[in-house]
């Protein structure tokens, strides 16, 4: 009997999920996170889950881990002291950045720039020059560079980044710098831009490579420490895999070398978990939203695959690394509502009460009204419900806080509370539109999936706004990331930048490059014990009209490309361009990047068997509680989710409660439990039921 | 003859009460629609000016043509006044002629697309966007000839024209227009991108009206306008005194030997109304530095400049226009007479913001920033590359943001919203040049408690014979400092020939012949300082020196003495600061680095260029 373990480290809690590969039986555990050294929380959690489930630690063969170590290192600015080598004349490449100042006219008056991740005083120049086409115009002055690197050595840098102009077209000089650095700065990890992200645009490439250096020492020491500890406590050959931002798994070694690819490891886990439950429930096209304390992450899933993008953002740091296309909007349970005196408008966020002091209802010192407080006032979070663990909800404090906004606007407390949730919903709606309508998708072709601690509270409302049904609330919406970690598949990719017009390319040449790249990724997966015949290979091309800034990534199978040649890509590009922007151009197509992607098979996990579950829906009902909805009070029935089984139907108004999450079903809607345990919320009318 | 609107459904919209939350939701959705316009444009446009630099601006107006969201105010009214024809469902209009739309766009390269949005036979909104085309024909590549004497030399003039009728594009007309420009495939794709953005806004408005009902929707837009009216009335009462106050600033020259030109503005309040009177501004120039300033646009600048301080999340719009009166003398450089050339209005467009800052700031000096890089320096480089292919580069430069009450000005950044630089690797991949230097100029930001940002030096190694044009300003007058802050360093342009010969270039010049191997140094100016430099935190000075943004010598401007090894000599610093404090006496609000007469007298010696002649009104 073997087990796999998914571990997601969040800001407050570390969630664990243990799955029996053979029976599909699952166990969950929640332990407090240990922000100072998050491996402690992970190890505590493993100890707890094995104790409570009675599973022998030696039976755990795979540990899949979504980590926020890289992200937190950036958010808390606790990364390495990074030295940077640029081409002469470009020392200030990060300092000048793209010269962009956010905001409208006069935005510069209130703009404050963050400190650089590789400060100017630790940036040195290399006297060298590469041309745009990759020819050395001026060879590297090695002696001068050596002197400069000695300065960085004396300044005790902890990591070095090399990003030279036009290195995307030829990385030879960067490698030359790396060799000298190895000599002058032995033991200091070096990141080269031509390795990390061989793409045009000096600022973005420098920033991405610097971020890699910045988080690398912390991530690698964390992963190596964790792996050592796991081997000591679990089986000797236990495999640790890390979830990357793009939703693929990587070995801990490759994750430690290119940690810039881990920045969205956490959100990617949630999306992967949503894919797991939605696809098994028969829903392949899904819009997901994950409502946390300070923000909401949304993503689009098409054919059970998350849409990707080639940029990753963490706070105000943006890097060129592939990630699940998760868009974040600053509206979460902790978002603060207020009414500016001048305009008497109602604003929600982006300021947040966060985890400390948290919403007023948490009784931890928060006094400002938050979205959570509005949910409490409306009765959507019933006072008896416990929040993740044992926290009590104080309705009186929530009411005091919301009353402030009500008074400022001259409306009733219920109107204010409903207003706050409506505006928060509208922010989430805006983000969902951004990834659907604005990308040419019709939301009516999608189901919605809400998770995270607060997602199920807003699920029904967002279904109404999006007109996307059903709205799916998966089992354990608060630990969905851990599900995602445990159930995702290993994936790797290799890419090459071309930037050439189609007219100057031939089918055979393109195929040859892709076959080379395929060899590289196949070997990489083989090193992770996945045989070639088990791997699925996809080819991708990034294409645009020559001169455009956008890149559309097109998937193509090796067979299609070999048979039909580059026309396949042209047609696919034109179709996508038309879908997105409603026009095509007669311009030459440009092939920017080629990529080979290899995926391992999905893990073979048995379905959970509900056969032993018996009893009607009434046994799950535990009482009633008033809720306010569209201007009126209603009596909602309260249900315990762990007593709801496939086939059960809950009619709104209702509230479904579980350990760390609460689902609201409005009057006129109903929720059914599907065969894998998802709650499916739908309108009652039009279903032939009434 | 004003335009006639053809609306099959003539039922007027009903004004209904709207609850605050619905209003806030619609406000948020309108803001999203506008962001979506930007996103569509950036992704599909092709010229570097629009796709990389973001030189394009969207707007959505209500059914009456008042701007609900956007940056430059509405121009629907001016358009409807000037257009002699019908406006029907499926029409899309194109124009670029400032004289035909009351200055809604201010030079020919800005193409304005405008579209009525119909729902059920009624106009519910207007969407519009203008974007800067890299070329619209005329006498020089880039279509920005400083030495034009009439607008006819500046490119193809397009009066308000139905480029789409009944949803169908007039292909022949578009081809005729594109036949007159040097980079037709850029214009074509930028045109398509702007149309796609306007159509996107159209769909969003229709969806919103559908979702909330036409009357609730249009009433909400009305309320949003009222919100701005109420907010701005408060602001005007706060920031505009009833007593008159005046301020003047300058553009250094017109590229035709005259200058500096004075922009003078007097501001006061009568009741709730703010009055901006430009009497005292110099006459129009013979060259194209004239700026046909749309009064409504100026109101918008004023509002945008001030409202940020009070409710930054408000959706800024036209609603307060009745509260502002703008008076500009006919025939002045801000209201030139047809057919005066207009293409290089960028200098004045930027300077208007320094004028506004100086004018409003006198009422509350503590809230005041220094003078900035409030201009967009241009470089045009064109010719035939080694393969005999025509190339045409248009770059906008960046410089020093002024010192602000909040902190230092940024080095080498944009004061213009949404602008970004074009990656040098992109430029090198598509144009015959190498950018050898791209860094900010040490000590170029004005000293101050909060120093001005440094200007930017770009060193272009030109790899093909061709010609260049440069448009810049602040080479003679300084970006002023405030409240003890010193002025920033002025801009400078120099060509270094392969032979080593150095040639100072005027800040405005056209058709300068260049040869393969020449090096062009393009230095922009630094921002003015803010506050007393002797009060600057010594640590901040040391940090700037470590970062090579300020030199050890330059640190003395702050009264800070730093050794070659980078160590502060505290004692020497104390006595230097004391000495400087005594020597300078009382500090005034503005430091312009000397009077115009003084600057002119030192001009040749300081800049390597002859001083221009002061312009005068004809009597």
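Suppose the filter is assigned by TED's automatic domain parsing to the domain that holds residue B:364 and either surrounded by fewer than 24 Cβ atoms within 10 Å (Cβ to Cβ) or at pLDDT below 95 (or both); does residue B:449 pass it?
Values: assigned by TED's automatic domain parsing to the domain that holds residue B:364: yes; either surrounded by fewer than 24 Cβ atoms within 10 Å (Cβ to Cβ) or at pLDDT below 95 (or both): yes.
Yes; evaluated as a whole, the condition is true for this residue.
Where in segment A:280-363 are there strands (runs of 3 or more DSSP E), lying wholly inside it, with at least 3 residues that are closer than 30 Å to residue B:228 by Cβ and touching a residue at least 60 places away in the same chain (Cβ under 8 Å)?
On the way: elements: A:286-291, A:296-302, A:312-314, A:317-319, A:327-329, A:335-338, A:347-352.
Those strands (runs of 3 or more DSSP E) span A:327-329, A:335-338, A:347-352.
Taking the residues in segment B:12-46 that are in contact (Cβ under 8 Å) with a residue 12 or more places away in the chain, touching a strand residue (DSSP E or B) at 6+ places or on another chain (Cβ under 8 Å) and over 26 Å from residue B:121 (Cβ atoms) as candidates, determine which candidate is farthest from the other protein chains (Cβ to nearest Cβ).
Ranking the qualifying residues of segment B:12-46, first place goes to B:38.
Among the residues of segment A:389-407, is any surrounded by fewer than 18 Cβ atoms within 10 Å (Cβ to Cβ), over 31 Å from the mean Cα position of the chain (by Cα), within 14 Å of chain B (Cβ to nearest Cβ) and in a helix (DSSP H, G or I)?
For segment A:389-407, residues surrounded by fewer than 18 Cβ atoms within 10 Å (Cβ to Cβ), over 31 Å from the mean Cα position of the chain (by Cα), within 14 Å of chain B (Cβ to nearest Cβ) and in a helix (DSSP H, G or I): present.
If you take just the strands (runs of 3 or more DSSP E) that sit entirely in segment A:177-256, which of them hold at least 2 residues that are modelled with pLDDT of 90 or more, more than 14 Å from chain B (Cβ to nearest Cβ) and more than 19 Å from the chain's Cα centre (by Cα)?
Details: elements: A:190-192, A:239-243, A:249-251.
Where strands (runs of 3 or more DSSP E) fall fully within segment A:177-256 and carry at least 2 residues being modelled with pLDDT of 90 or more, more than 14 Å from chain B (Cβ to nearest Cβ) and more than 19 Å from the chain's Cα centre (by Cα), they are A:190-192.
Please verify whether residue A:89 is over 28 Å from the mean Cα position of the chain (by Cα), outside any loop (DSSP other than H, G, I, E, B), modelled with pLDDT of 95 or more and in the same structural domain as residue A:138 (by TED's automatic domain parsing), treating the condition exactly as stated. If you could, list the steps in order and put the result at the bottom.
On the way: over 28 Å from the mean Cα position of the chain (by Cα): yes; outside any loop (DSSP other than H, G, I, E, B): no; modelled with pLDDT of 95 or more: yes; in the same structural domain as residue A:138 (by TED's automatic domain parsing): yes.
So residue A:89 fails the test.
Suppose we filter B:117, B:50, B:60 for residues that are in contact with a strand residue (DSSP E or B) (Cβ under 7 Å, 6 or more places away or on another chain) and in a helix (DSSP H, G or I); which single one remains? Lay out the reasoning, then the answer.
On the way: B:117 fails: in a helix (DSSP H, G or I); B:60 fails: in a helix (DSSP H, G or I).
Of B:117, B:50, B:60, the one residue that is in contact with a strand residue (DSSP E or B) (Cβ under 7 Å, 6 or more places away or on another chain) and in a helix (DSSP H, G or I) is B:50.
Considering only segment B:465-510, how many residues are within 14 Å of another protein chain (Cβ to nearest Cβ) and surrounded by fewer than 24 Cβ atoms within 10 Å (Cβ to Cβ)?
The number of residues fulfilling the criteria is 0.
Quick one: how many residues across segment B:211-256 are in a loop (DSSP other than H, G, I, E, B) and touching a strand residue (DSSP E or B) at 6+ places or on another chain (Cβ under 6 Å)?
Filtering segment B:211-256 for residues in a loop (DSSP other than H, G, I, E, B) gives B:213, B:240-244, B:252-256.
Checking the rest, the ones that are also touching a strand residue (DSSP E or B) at 6+ places or on another chain (Cβ under 6 Å) come to B:240, B:242, B:244, B:255.
The qualifying residues number 4.
Please tell me if residue A:327 is at pLDDT 85 or above, in contact with a strand residue (DSSP E or B) (Cβ under 7 Å, 6 or more places away or on another chain), more than 16 Å from residue A:401 (Cα to Cα) and more than 14 Å from chain B (Cβ to nearest Cβ).
Working: at pLDDT 85 or above: yes; in contact with a strand residue (DSSP E or B) (Cβ under 7 Å, 6 or more places away or on another chain): yes; more than 16 Å from residue A:401 (Cα to Cα): yes; more than 14 Å from chain B (Cβ to nearest Cβ): no.
So residue A:327 does not fit the description; no.
With respect to residue A:152, determine if the residue is under 30 Å from residue B:407 (Cβ atoms) and either at the interface with another protein chain (Cβ under 9 Å from one of its Cβ atoms) or at pLDDT below 90 (or both).
no
Applying the selection to segment A:581-604, what residues are within 14 Å of chain B (Cβ to nearest Cβ) and either touching a strand residue (DSSP E or B) at 6+ places or on another chain (Cβ under 6 Å) or at pLDDT 75 or above (or both)?
First pass over segment A:581-604, keeping only residues within 14 Å of chain B (Cβ to nearest Cβ): A:581-590, A:592.
Within segment A:581-604, A:584, A:585, A:586, A:587, A:588, A:589, A:590, A:592 meet the criteria.
What do you reckon, is residue A:247 buried (at least 24 other Cβ atoms within 10 Å of the Cβ), touching a helix residue (DSSP H, G or I) at 6+ places or on another chain (Cβ under 6 Å) and closer than 23 Å to residue A:306 by Cβ? Before you say what the answer is, go through the steps one by one.
Details: buried (at least 24 other Cβ atoms within 10 Å of the Cβ): yes; touching a helix residue (DSSP H, G or I) at 6+ places or on another chain (Cβ under 6 Å): yes; closer than 23 Å to residue A:306 by Cβ: yes.
Yes; evaluated as a whole, the condition is true for this residue.
Rundown of residues vs (1) assigned to a helix (DSSP H, G or I); (2) under 30 Å from residue B:546 (Cα atoms), yes/no style:
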{"position": "A:28", "(1), (2)": "no, no"}
{"position": "A:43", "(1), (2)": "yes, no"}
{"position": "A:74", "(1), (2)": "yes, yes"}
{"position": "A:85", "(1), (2)": "no, yes"}
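Quick one: is residue B:85 buried (at least 24 other Cβ atoms within 10 Å of the Cβ) and away from chain A (no Cβ under 14 Å)? If you could, list the steps in order and put the result at the bottom.
Working: buried (at least 24 other Cβ atoms within 10 Å of the Cβ): no; away from chain A (no Cβ under 14 Å): yes.
The answer is no for residue B:85.
Assuming residue B:455 fulfils every condition listed in (1) modelled with pLDDT of 95 or more; (2) at the interface with another protein chain (Cβ under 9 Å from one of its Cβ atoms); (3) within 26 Å of residue B:353 (Cβ to Cβ); (4) touching a strand residue (DSSP E or B) at 6+ places or on another chain (Cβ under 8 Å) apart from one, which condition is it?
Going through (1) modelled with pLDDT of 95 or more; (2) at the interface with another protein chain (Cβ under 9 Å from one of its Cβ atoms); (3) within 26 Å of residue B:353 (Cβ to Cβ); (4) touching a strand residue (DSSP E or B) at 6+ places or on another chain (Cβ under 8 Å) one by one, residue B:455 breaks only (2).
Out of all the residues in segment A:117-134, is one or more in contact with a strand residue (DSSP E or B) (Cβ under 7 Å, 6 or more places away or on another chain), at pLDDT below 95, within 10 Å of chain B (Cβ to nearest Cβ) and in a loop (DSSP other than H, G, I, E, B)?
no
Out of the residues in segment B:172-186 that are modelled with pLDDT under 95 and within 14 Å of chain A (Cβ to nearest Cβ), state the one that is surrounded by the most Cβ atoms within 10 Å (Cβ to Cβ).
Step one: list which residues in segment B:172-186 are modelled with pLDDT under 95, which gives B:182-186.
Still in the list and also within 14 Å of chain A (Cβ to nearest Cβ): B:183-186.
On the way: B:183: 22, B:184: 15, B:185: 18, B:186: 24.
Of everything passing the filter in segment B:172-186, B:186 is surrounded by the most Cβ atoms within 10 Å (Cβ to Cβ).
Within the bounds of segment B:429-441, is there any residue that is more than 8 Å from chain A (Cβ to nearest Cβ), within 22 Å of residue A:94 (Cβ to Cβ) and surrounded by 22 or more Cβ atoms within 10 Å (Cβ to Cβ)?
First, the residues of segment B:429-441 that are more than 8 Å from chain A (Cβ to nearest Cβ): B:430-433, B:441.
Still in the list and also within 22 Å of residue A:94 (Cβ to Cβ): B:441.
This time we only want the ones that are surrounded by 22 or more Cβ atoms within 10 Å (Cβ to Cβ), so: B:441.
Looking through segment B:429-441, at least one residue is more than 8 Å from chain A (Cβ to nearest Cβ), within 22 Å of residue A:94 (Cβ to Cβ) and surrounded by 22 or more Cβ atoms within 10 Å (Cβ to Cβ).
Residues in segment A:411-450 that are more than 24 Å from residue A:683 (Cβ to Cβ) and modelled with pLDDT under 90: how many?
Qualifying residue count, segment A:411-450: 4.
Taking the criterion of being more than 23 Å from the chain's Cα centre (by Cα) and surrounded by 18 or more Cβ atoms within 10 Å (Cβ to Cβ), would at least one residue in segment A:483-492 satisfy it? Steps first, please.
Just the residues of segment A:483-492 that are more than 23 Å from the chain's Cα centre (by Cα), to begin with: none.
No, because not a single residue in segment A:483-492 is more than 23 Å from the chain's Cα centre (by Cα) and surrounded by 18 or more Cβ atoms within 10 Å (Cβ to Cβ).
Which one is surrounded by the most Cβ atoms within 10 Å (Cβ to Cβ) among residues in segment A:548-580 that are at the interface with chain B (Cβ under 9 Å from one of its Cβ atoms) and touching a helix residue (DSSP H, G or I) at 6+ places or on another chain (Cβ under 7 Å)?
Narrowing segment A:548-580 to residues at the interface with chain B (Cβ under 9 Å from one of its Cβ atoms): A:548-550, A:577, A:580.
Add one more test, that the residue is touching a helix residue (DSSP H, G or I) at 6+ places or on another chain (Cβ under 7 Å), and what stays is A:548-550, A:580.
Values: A:548: 22, A:549: 15, A:550: 17, A:580: 18.
That would be A:548.
Against the condition in contact with a helix residue (DSSP H, G or I) (Cβ under 9 Å, 6 or more places away or on another chain), under 30 Å from residue A:103 (Cα atoms), away from every other protein chain (no Cβ under 14 Å) and modelled with pLDDT under 95, how does residue B:315 come out, does it pass?
Details: in contact with a helix residue (DSSP H, G or I) (Cβ under 9 Å, 6 or more places away or on another chain): yes; under 30 Å from residue A:103 (Cα atoms): yes; away from every other protein chain (no Cβ under 14 Å): no; modelled with pLDDT under 95: yes.
Spelling it out, it is not the case that residue B:315 is in contact with a helix residue (DSSP H, G or I) (Cβ under 9 Å, 6 or more places away or on another chain), under 30 Å from residue A:103 (Cα atoms), away from every other protein chain (no Cβ under 14 Å) and modelled with pLDDT under 95.
For the condition in contact with a strand residue (DSSP E or B) (Cβ under 9 Å, 6 or more places away or on another chain) and under 14 Å from residue A:258 (Cα atoms), what is the one hit in A:206, A:161? Give the derivation first.
Details: A:206 fails: under 14 Å from residue A:258 (Cα atoms).
Unique residue meeting the criteria: A:161.
With respect to residue B:531, is the statement that it is within 13 Å of residue B:447 (Cβ to Cβ) and either touching a strand residue (DSSP E or B) at 6+ places or on another chain (Cβ under 7 Å) or not assigned by TED's automatic domain parsing to the domain that holds residue B:508 (or both) true? Explain how you work it out, then say what you get.
Working: within 13 Å of residue B:447 (Cβ to Cβ): yes; either touching a strand residue (DSSP E or B) at 6+ places or on another chain (Cβ under 7 Å) or not assigned by TED's automatic domain parsing to the domain that holds residue B:508 (or both): yes.
Spelling it out, residue B:531 is indeed within 13 Å of residue B:447 (Cβ to Cβ) and either touching a strand residue (DSSP E or B) at 6+ places or on another chain (Cβ under 7 Å) or not assigned by TED's automatic domain parsing to the domain that holds residue B:508 (or both).
Tell me, which strands (runs of 3 or more DSSP E) wholly within segment A:533-621 include 2 or more residues that are under 30 Å from residue A:3 (Cα atoms)?
Details: elements: A:536-545, A:552-556, A:589-599.
Filter on segment A:533-621 gives A:536-545, A:589-599.
The values are calculated or read from the model by the stated rules, or taken from the named source; none is laboratory data. Only a predicted model underlies this, so the values are computations on that prediction, with no experimental measurement involved. Because the Cβ atoms are built from the backbone with ideal geometry, glycine has one as well, and the counts that use them run over all protein chains shown.
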